[in-house]
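The values are calculated or read from the model by the stated rules, or taken from the named source; none is laboratory data. Being a predicted model, the structure only gives us computed values, none of them experimental. Backbone-built Cβ (ideal geometry, glycine too); neighbour counts: all protein chains shown.
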Amino acid sequence: MVEMTFEMTEEIEDRLNEISQRHHVPIGEAIRLGLCLLSIADREFGKGNSLAVVHEDGDKIEPVYVLESVFC
């Protein structure tokens, strides 16, 4: 496995800490999962699709947030 070192803002570090603690995973795992989502989004944007967070209510599905670009 490749090791990476990178700098991040304090805000990003705080969010990663919150996420890793809430889901009981190491920060590295939270980063890995985020990179997986980025990979999926990038692949789908290449196909002309988008990535969205949706709310399901019975048969109705409403977008809560639509990611317009991988690099917002």
Query raised in the report: Taking His23 and the conditions (1) out of contact with any Pro (no Cβ under 9 Å at 6 or more places or on another chain); (2) exposed (fewer than 10 other Cβ atoms within 10 Å of the Cβ), which numbered condition does it fall short on, given that it satisfies the others?
Result: (2)
Requested in this report: Please state which one of Met4, Met8 is in a loop (DSSP other than H, G, I, E, B) and surrounded by fewer than 10 Cβ atoms within 10 Å (Cβ to Cβ).
Outcome: Met4
Report summary line: Per the list (1) modelled with pLDDT under 90; (2) part of a helix (DSSP H, G or I); (3) under 14 Å from the mean Cα position of the chain (by Cα), residue check on Glu29 breaks on (1)
Query raised in the report: Does Gly46 meet the test of being out of contact with any Cys (no Cβ under 8 Å at 6 or more places or on another chain), exposed (fewer than 10 other Cβ atoms within 10 Å of the Cβ), among the small types (Gly, Ala, Ser) and free of Cβ contacts under 8 Å to residues at least 40 places away in the same chain?
Result: yes
Query - Residue within the range 45-54 that is part of a loop (DSSP other than H, G, I, E, B) and among the basic types (Lys, Arg) present - result: yes
